[in-house]
Ligand code: 13P
């Protein structure tokens, strides 16, 4: 392992004013997204859609540091035969790869899931490196509800994250460590804080035990927000303060950077929350975005699978990337959204 090189890549992933495009939806998830816009999810349609994003020069050059790909995409070629990975690299962004293999029910833990995919990971990583991937992602999901999450679930998922992260570093790939506390439930923001704190504590204990080098990783956490079904809403400032507090308690300063998931927040909420955290300032790590839905919702609904909509969809993507780039600097303003609308 060359830690200086890992650290260089990790810092590039969280470079000032830039963030990560999570375009690594599994075939099942992208089908759901395409169903919503009336597009059949064929291999070519998935290629065309992602090629459109990666060819959005303004967004990719100025606001996107890296792209997380799904296995299918990392081997795919654009319509003109150029590998998609080459298009990403040419824009200056770093290709990354989702390496977990989804979730399975955790035995004796009703309603809880554990992320799988460790068995052949050591063999798969060098192939991804050769194909151009310099970072990877593994997502653990922690649901909040009556009596859950259990310690069993938190521990099993944290242990898998740490084993994955160590394997990545040994293969000279920067791990994105993503323990996602879901915002699906009816819990309030205080409960989200409590669960997020517990999960991050256990994750960093496991990372320590697995000898993961913090300078060579990026953390991808949820923000501390109320569950979607909670009647008790939280202000932008509350979300920012509680999230920053949870991170300060749990995340060592040596971690190269933090790139949030959007988790089902509206596009503008995800931007406003990130911006408010960066306005607090004086933090030991760069805070940026690694959004899937909050970057892609606008281009997807503009594109609708039609080639005549490509330019408008690319503008929609560039706008969200720019807004989030500004939020990563704490320089976003709500009226920048209105001007674009
Ligand atoms: P969302 O921003 O849509 O939550 O996706 C980010 C991601 O990569 C989830 O694993």
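Readers should treat all values here as calculations from the given coordinates under stated rules, not as data from a laboratory. All values reported here derive from a predicted model rather than from experimental measurement.
If you wrap region 252-341 in the convex hull of its Cα atoms and look at it from every side, the mean projected area works out to 6.3 nm².
May I ask what percent, to the nearest 5, of DSSP beta bridges between residues of the chain are antiparallel? So the antiparallel bridges amount to about 15 percent of the total.
From the alpha carbon centroid of region 268-332 to that of region 218-263 is 17 Å.
Please give the calculated 222 nm ellipticity per residue for the chain, where each DSSP H segment of at least 4 residues contributes -39500 (n - 2.57) and the sum is spread over every residue; nearest 500 deg cm²/dmol?
On the way: 14 runs with 165 residues, N = 341.
Computed mean residue ellipticity for the chain: -15000 deg cm²/dmol.
Extension gain residue 108-residue 131, at 0.36 nm per residue separation less the Cα-Cα distance, in nm? The span from residue 108 to residue 131 would gain 4.4 nm if fully extended.
Computed over region 222-341, relative contact order equals 26 percent, with contacts defined as Cα pairs under 8 Å that lie 6+ residues apart. Rounded to two decimals, the Cα-based Rg/Rh of the chain, with Kirkwood Rh, is 0.94. Only beta bridges with both residues in region 54-154 are counted; by DSSP, about 40 percent of them are antiparallel.
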